[in-house]
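The values are calculated or read from the model by the stated rules, or taken from the named source; none is laboratory data. If you're wondering where the values come from, they're calculated on a predicted model, not measured in any experiment. Every residue, glycine among them, receives a Cβ derived from its backbone with ideal geometry; neighbour counts consider all protein chains shown.
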């Protein structure tokens, strides 16, 4: 425990010593797949630097009425279309959220778009070729007048899915198995949910016009719930991610007393039980999207990109290239660059917009970086399925061997066995071929030895 605490404190110092330069714009693209306009609502990265994008197309019906129809598209690393798919294939819907799956397919959250006559929101499973595998809705029915909408979907550690949104004017979470069979539905708050993330074998949901966070077990029971109002003025959470040390990081906006001033961007950090640890505001409009970065910290999207550390300190701010665009989603791509999605002009007659940014330029002043005095070893995520990133810090350059053992002490994988320099290093452990269970990562570097428990849940 002592070495783990040292690791995080050292890592925080290392990161704060970084001189980070905002990334450059690599390319921008616009697309229009509808009769009138196209909106990109959500993006999700692929290992080949391509990505999935979803949203809605606008159509003209009854002379003057605009309706929308959802879509999912797979694009290559340069924003060119690989395949399109219309999973909802019904008027009145939009793709609100997309999550890439290990087999190269995706799961899409289909919610209500703009219109009156709308089908029920659902989650849709697509394979790597864009073919629909199944559709799951907590209230399957056809066209009727309603205001139901789905906000977000996530993949759980057992391969199933959880989604959240408004159903019959009540906040709802529902869970499916990997084949789309609904296991349970739960109403938990009379507030609007915006984001959902996997937590162990369960999930956590955040949102609300007064920010809230609730954690549910794998059977849908409420473990705890919290509401946050640090300025006693209200606000909204639009994005939820897990942070360092099992914390929760919520991004969105807070209101100010002077009603002539718009809301500003804010994050709230809570511990593993939802108790607030800190909150911070930023001189920008409310954040609409957030993604955890592979290097640690987060990238946030408002009318600009804001790169922050786990403690909320700003590394850099990047003005976005399109002044007339409305931005909706940001991700980190497989090459550690960033991709922003949204739309230009009106959501009725505009174009879907994409902007790709290069990897940020990080350099360190080695004179200001203290070297660790002993080994530290950690992993994230943990529990994991099927991959986790194992991080270790070394006190001096030496030959280092990192291996994984099962609970019986049998060595099942050697991740590395070579000379490493002083400092922090990261390796990926893939447990795809292993059964669920407890494993141990063991590192030996010179006379230093450390062990770390891993939990694989499939």
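Confirm whether residue 393 is touching a helix residue (DSSP H, G or I) at 6+ places or on another chain (Cβ under 7 Å), in a strand (DSSP E or B) and within 24 Å of residue 203 (Cβ to Cβ). For residue 393, the condition - touching a helix residue (DSSP H, G or I) at 6+ places or on another chain (Cβ under 7 Å), in a strand (DSSP E or B) and within 24 Å of residue 203 (Cβ to Cβ) - is not met.
Can you confirm whether the range 254-266 contains a residue that is under 22 Å from residue 223 (Cβ atoms) and modelled with pLDDT of 85 or more? No: zero hits. Counting only residues that are surrounded by 16 or more Cβ atoms within 10 Å (Cβ to Cβ), free of Cβ contacts under 8 Å to residues at least 60 places away in the same chain and farther than 12 Å from residue 280 by Cα, which one in the range 304-325 is nearest to the chain's Cα centre (by Cα)? Per the criteria, the residue is 306.
Taking the range 89-101 as the search range and keeping residues that are closer than 27 Å to residue 49 by Cα and modelled with pLDDT under 90, which one is surrounded by the most Cβ atoms within 10 Å (Cβ to Cβ)?
95
Screening the candidates 252, 352, 274, 265 for the property of being part of a loop (DSSP other than H, G, I, E, B) and farther than 19 Å from residue 21 by Cβ yields one hit, 274.
Residue by residue, here is whether (1) outside the structural domain of residue 163 (by TED's automatic domain parsing); (2) closer than 21 Å to residue 39 by Cβ; (3) at pLDDT below 90; (4) in contact with a strand residue (DSSP E or B) (Cβ under 6 Å, 6 or more places away or on another chain) holds:
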| site | (1), (2), (3), (4) |
| --- | --- |
| 86 | no, yes, yes, yes |
| 103 | no, no, no, no |
| 108 | no, yes, no, yes |
| 137 | no, no, yes, yes |
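Go through the range 432-448 and give me each residue that's out of contact with any strand residue (DSSP E or B) (no Cβ under 7 Å at 6 or more places or on another chain) and surrounded by fewer than 13 Cβ atoms within 10 Å (Cβ to Cβ). Scanning the range 432-448 gives 432, 433, 435, 447.
Within the range 288-299, does at least one residue satisfy the condition of being surrounded by fewer than 16 Cβ atoms within 10 Å (Cβ to Cβ), touching a strand residue (DSSP E or B) at 6+ places or on another chain (Cβ under 7 Å) and either at pLDDT 90 or above or part of a strand (DSSP E or B) (or both)? Scanning the range 288-299, I find no residue that is surrounded by fewer than 16 Cβ atoms within 10 Å (Cβ to Cβ), touching a strand residue (DSSP E or B) at 6+ places or on another chain (Cβ under 7 Å) and either at pLDDT 90 or above or part of a strand (DSSP E or B) (or both), so the answer is no.
Please verify whether residue 246 is under 15 Å from residue 277 (Cβ atoms) and modelled with pLDDT under 90, treating the condition exactly as stated. The answer is yes for residue 246.
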